[in-house]
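Let me begin by presenting the structure, written as structure tokens, before commenting on it.
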Amino acid sequence: MKITTRKVVSPYGDITLYRIENGSGASVELSSLGAGITSVIVPDKFGELGEVALGYANPADYMSDGPCMGKIPGRYANRIAKGHLEVEGKTYQLAINNGPNALHGGPSGFQNRIWDSALIPNGVKFSYVSKDGEENYPGNLKVEASYTWSEDNVLTLEMKASTDAPTVVNLTNHAYFNLEGADSGNVLKHKLQLKASCYLPTDSTQIPTGELAPVSGTPMDFTSPKEIGIDINKDFEPLKIGKGYDHCWALDNWEKGKLIEGVVTLAAPSSGRVLTISSSQPGVQIYTGNWLAGSPLNKSGRSYEDYDGVAIEMQGFPDAPNHPDFPSQELKPGETYTETIRFAFSTE
């Protein structure tokens, strides 16, 4: 495995970029800004290498971008209703940065921090200490995100966290993928399959109502491979709310601490590339890049358009702290938050 490192001077401090290339020439690039994925180059069915992760030309443009491109949001990924958080009977008010709600840990969330970083075998470990009171979350939280790249084009992300006071934590990766090529247009012809027979309906501000609704007979049904775009414009209220898919599905057969194989499969018809995702987390937020237009310039010198990529965010349920029936995202002293996401790239 060949790992090369470069530093980029930015207004926010030096950003370190790591490129990890395996024996076949397939590679990933990782950034210390937001512990993010900035590039994934893998072969198509003809053996031609191509970029499949959306990204920006300027490494500094990842700071405070709307799409949260490729990064690890936190301390709590996704939404918390009205920024209201209660931990051990004490109430905390989080920043409101998404309509009436808190999103992705707030304006200075983990995605907008430069993490410490160090090489590990076949990869990189990023670490960050979120101090007690940062974005008004309780407890000093130590976070690690370790990425490794394999000879058979598997990117594994292991996330760990520990705290000195009761708190909440929900971590994911927010990469956007286009398996036809990152600059090839929209992903609406990609076929998506989810091992999920229920999804989380939301109110008009995209906060879960608390129920788990069956996907059967609705545009939310991806239990069999289905083109992303085939139902996206249907007269269905959840799709109108988000201008497309921006919803959490509850994964079937989830058990805490258990990695579920192949919970998500994404396939591109022309390139033959396939992305198979395994995860230990209870939910997956599928976001079809409904608001990508106007993002910073990509490596081709243009901004992406809406639906040019799909984010597949393995995570705990949104607003879980306000829904006792949801899998708990609370973390207490002496416990370790440990979650794994595995991105396996192949062809068919």
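What does the accessible area of Lys240 come to, in Å² to the nearest 10, when a probe of 1.4 Å is used?
That residue has around 120 Å² of solvent-accessible surface.
Once the other residues with Cβ under 11 Å from the Cβ of Val168 are scored (Lys, Arg +1; Asp, Glu -1), what is the net sum?
Residues close to Val168 contribute a combined charge of -2.
Would you list Glu180, Glu255 from the most to the least accessible area, probe 1.4 Å?
Glu255, Glu180
For a paramagnetic label modelled at 7 Å from the Cα of Thr223 toward its Cβ, which residues of the stretch 178-199 fall within the zone defined by backbone nitrogen distances under 20 Å?
Answer for the stretch 178-199: 191-199.
Distance between Cα centroids, the stretch 1-72 to the stretch 271-297: provide it in whole Å.
Cα centroid to Cα centroid, the span is 16 Å.
Among all the lysines, which ones have a C-alpha under 27 Å from Lys189's C-alpha, if same-chain residues fewer than 8 places away are not counted?
Lys189 reaches Lys45, Lys71, Lys226, Lys234, Lys240, Lys243, Lys299.
Quick one: order Cys198, Cys248 from most to least accessible surface, probe 1.4 Å.
From most accessible down to least: Cys198, Cys248.
Carbon and sulfur: what percent of the chain's accessible surface (1.4 Å probe)?
Accessible surface attributable to carbon and sulfur in the chain totals 49 percent.
Helix-derived [θ] at 222 nm for the chain: sum -39500 (n - 2.57) over DSSP H runs of at least 4, divide by residue count, nearest 500?
Result for the chain, helices only: -500 deg cm²/dmol.
The values are calculated or read from the model by the stated rules, or taken from the named source; none is laboratory data. This is a predicted model, so every value here is computed, not measured. Cβ sites come from the backbone with ideal geometry, for glycine too, and all protein chains shown count toward neighbours. Surface areas here come from the heavy atoms of the whole protein model, side chains and all, with no ligands, DNA or RNA. Shrake-Rupley method; radii C 1.70, N 1.55, O 1.52, S 1.80 Å.
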